[in-house]
Every structure is written in C-alpha cells, then in structure tokens.
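The values are calculated or read from the model by the stated rules, or taken from the named source; none is laboratory data. Here the structure is a predicted model, which means the values were calculated and not measured. Using ideal geometry, Cβ is built from the backbone for each residue, glycine included, and neighbour counts are taken over all protein chains shown.
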Amino acid sequence: MDTLVRFVIALALIGLGVLLYQAWSGWQLRRLRRTPARPGLEGWQAGRPGILYFTSPDCAPCRTVQRPALAQLRAELGEAVQIIEIDASARTGVADHWGVLSVPTTFVLDAGGAPRHVNHGVARAEKLRQQLQSARAGGSGDNGPRAREMALDL
Amino acid sequence: MDASLQKVDHSALRVNQAVIIALLLVSFIANAAWLAALVAAVMTVGALTRQPGFRPLYTGLLKPRGWVKPDVLNDNPEPHVFAQGFGAVVLWAGVVALVTGPAALGWGLVWLVTGLAALNLFGGFCAGCAVYYWLNRLNVPGFVKTPPPGAFPGMRPRV
C-alpha cells in the first residue's frame, strides 16, 4: 500500500470521526429542543438570541479564552444578545440536563430559547457571532440568504 | 471536595494525547511500525513513571513559552496512569502484529489507540479511566479510586 493510499485512508477515518461527532451533537440539540423544560434559563428574555455558557471556577481556558470572547461579543452586540453564565460545578443538575460533559461548553439559543448550536470546548468570538446570526434566522448551521440578511441588524 | 483527589494538569494529558495521535497517524501513513513502537515505548515509560509519556514536551517547551496554559483540575491521577498503560499494551500488541504478519490487525490496533486518544482529547472521555472505575466497582484489588464527585466515570471532571 503506497503512502498516498494510506494518507487517503487516514483522512477518511478522520472524516468519519468528525461525522460521528457532528451526528452526536445534532442528536443532543434535537433532544434538548424536544424537551420543554429549560433549566438554567430562569432569567431568559424571549425575543433575543443568546448564549448559555457553562463554566467552573477552576476552568483555565474559560478564564483565558472563553470569557474574553464572550466579553468581546457583549461589547460588539450589546443588548442584541443575552449571555447566561452557569457554574457547572455548582449547578450539576442543570449541567446534566444540558448534557454538559466538560467546560467550557456554550449553547447558542434562538430568540425562543431553543438551542441551535453547541460548542464543546472553547469557541472563538467569530464562530459564536456566526452561530448567533444563524440562530437569529432560525437556522441550525445553514447560513442562507435569509440568515445573511437578518445578520445585518444583529 | 473529595480529600483523596489531587491536582492533575489536564493540559499535560491533552498534549500527551495530541502527540500520540499525531505520531501514530504519521506511522500509519509512512507505514512505519518502528514509530508506533517508539510511541508504545514512551507510553510504557510514562505509565511506569506515573506521568504522561510526552510530558517533557509540555513542561520543557509548550508551557514555558505560554503556548499551552495549565488546566489543573481536582482529579485522580491513577486512572490516567492506568489508561496510558492500557493504551501502551494495546499498541505493543499492534506492533507485534505488524512485525509478525497480520498487518491489518496491527494497524487496526494502532487506530484503536488513536481513536481512543482522540475521544479523550476532543470529547473529554477517557475510556481507560472508565475501565479503571469499572474495575473499582467490581472491587478488583488495586483499583481503589472512585470517580470525582459529579463526574461520569471516565469523563473529564467539571471542577
């Protein structure tokens, strides 16, 4: 078997892993959307998209990367976005409900509070911004013309 | 907090997993069984010294330069040591298969270790740790640690 074939096989197996991860994330979001109860969103104000951010006091990447990214979004978007922070170590029941396995984990919610995207691990401001635009348009990852149009006023 | 828990730097564990994945991918693409054997040897030494095998790369290069920040969590180090040792055994079995003939079996075992390391690195689930905690529940001697409070067995602690 030559090197090129082996390289292609490696790529295919990595791609399979990525697909499995995406399928699992999609299943997790669908399960959450079907569940009427949304613990942790007690202060949620319907009508604006937002981010549900799970962290913990000892989480280093939360402090060094995730929180600054969220602060950047807050500075850019102001009241157009709401950010709810939850200490997963203190509110384990809420973290379990949302299927949080590690921190940071961020859920991007649409205006009705339904989860549209989930990021396991650190999510950069740019990625969250795109997901918010998609969530505002009611999508789940597909940034079509309607998403781009509505993104202008986000 | 459980008094038996210790400070475990999960950044060192993640660097270890990332290097293992990268080197095993290269070994497969280059058809270099010797490289898989080298990774198995480093993992074995790591398990015996109770440290991530590629920890020197983290402590000597990545951490001092600030390229990877420490991520210290309250956790049990023993399951991670066991997981690395378990991975090393599987990898050695793969290397033996590669050397003695059944290459498909050998590379299959190499990919198994790669996949489980990727699951740990990207998904936060340590399969070897889960096996450790499972053996603990079966009261197997030597497996004395229980999962950190609130953590699913094998999952990365949230605190």
So the check is Cβ under 7 Å with 6+ separation or different chains; which pairs have a first residue in the stretch B:132-159 that's under 13 Å from A:Ala95 (Cβ atoms) and touching a residue at least 40 places away in the same chain (Cβ under 8 Å) and a second one that's assigned to a loop (DSSP other than H, G, I, E, B) and small (Gly, Ala, Ser)?
B:Arg156/A:Ser102; B:Arg156/B:Gly124; B:Pro157/B:Ala151; B:Val159/A:Ser56; B:Val159/A:Ser89
Residues (within 11 Å of chain A (Cβ to nearest Cβ) and of a type in the set (A, V, I, L, M, F, W, C)) located in the stretch B:113-125
B:Ala118, B:Leu119, B:Leu121, B:Phe122, B:Phe125
Can you find, within the stretch B:128-159, the residue that is surrounded by the most Cβ atoms within 10 Å (Cβ to Cβ) among those that are under 19 Å from B:Gln17 (Cα atoms) and more than 14 Å from every other protein chain (Cβ to nearest Cβ)?
B:Tyr132
Failed condition for A:Glu42, given (1) in contact with a strand residue (DSSP E or B) (Cβ under 6 Å, 6 or more places away or on another chain); (2) part of a loop (DSSP other than H, G, I, E, B):
(1)
Output for the stretch B:58-89, where each listed residue is without any contact (Cβ under 8 Å) to a residue 40 or more places away in the chain, among the hydrophobic types (A, V, I, L, M, F, W, C) and surrounded by fewer than 18 Cβ atoms within 10 Å (Cβ to Cβ)
B:Leu61, B:Trp67, B:Val89
Are there any pairs, at least 6 apart or on different chains, whose C-beta atoms fall under 6 Å, with the first in the stretch A:87-100 and within 11 Å of chain B (Cβ to nearest Cβ) and the second of a type in the set (A, V, I, L, M) and in a helix (DSSP H, G or I), and if so, which?
A:Ala88/A:Ala95
Does A:Ala111 count as more than 14 Å from chain B (Cβ to nearest Cβ), part of a loop (DSSP other than H, G, I, E, B) and among the aliphatic types (A, V, I, L, M)?
yes
Looking at the stretch A:52-62, is at least one residue away from chain B (no Cβ under 12 Å) and either aliphatic (A, V, I, L, M) or under 19 Å from A:Trp98 (Cβ atoms) (or both)?
yes
Can you find even one residue in the stretch A:70-80 that is modelled with pLDDT of 90 or more, farther than 24 Å from B:Phe152 by Cα and either within 14 Å of chain B (Cβ to nearest Cβ) or under 15 Å from the mean Cα position of the chain (by Cα) (or both)?
yes
Residues being among the aliphatic types (A, V, I, L, M), within 18 Å of the chain's Cα centre (by Cα) and surrounded by 15 or more Cβ atoms within 10 Å (Cβ to Cβ) - total across the stretch A:1-40:
2
A:Trp27 passes all but one of the listed conditions (1) among the aromatic types (Phe, Trp, Tyr); (2) more than 13 Å from chain B (Cβ to nearest Cβ); (3) touching a residue at least 12 places away in the same chain (Cβ under 8 Å); the exception is number (3)
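Okay, residues lined up against (1) within 13 Å of chain A (Cβ to nearest Cβ); (2) more than 25 Å from A:Ala10 (Cα to Cα); (3) hydrophobic (A, V, I, L, M, F, W, C); (4) buried (at least 19 other Cβ atoms within 10 Å of the Cβ):
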position: B:Ser4; (1), (2), (3), (4): no, yes, no, no
position: B:Arg14; (1), (2), (3), (4): yes, no, no, yes
position: B:Phe28; (1), (2), (3), (4): yes, no, yes, yes
position: B:Leu38; (1), (2), (3), (4): no, no, yes, no
position: B:Val42; (1), (2), (3), (4): no, no, yes, yes
position: B:Leu48; (1), (2), (3), (4): no, yes, yes, no
position: B:Pro56; (1), (2), (3), (4): no, yes, no, no
Taking A:Ala123 and the conditions (1) outside any loop (DSSP other than H, G, I, E, B); (2) at pLDDT 90 or above; (3) within 30 Å of B:Phe125 (Cα to Cα), which numbered condition does it fall short on, given that it satisfies the others?
(1)
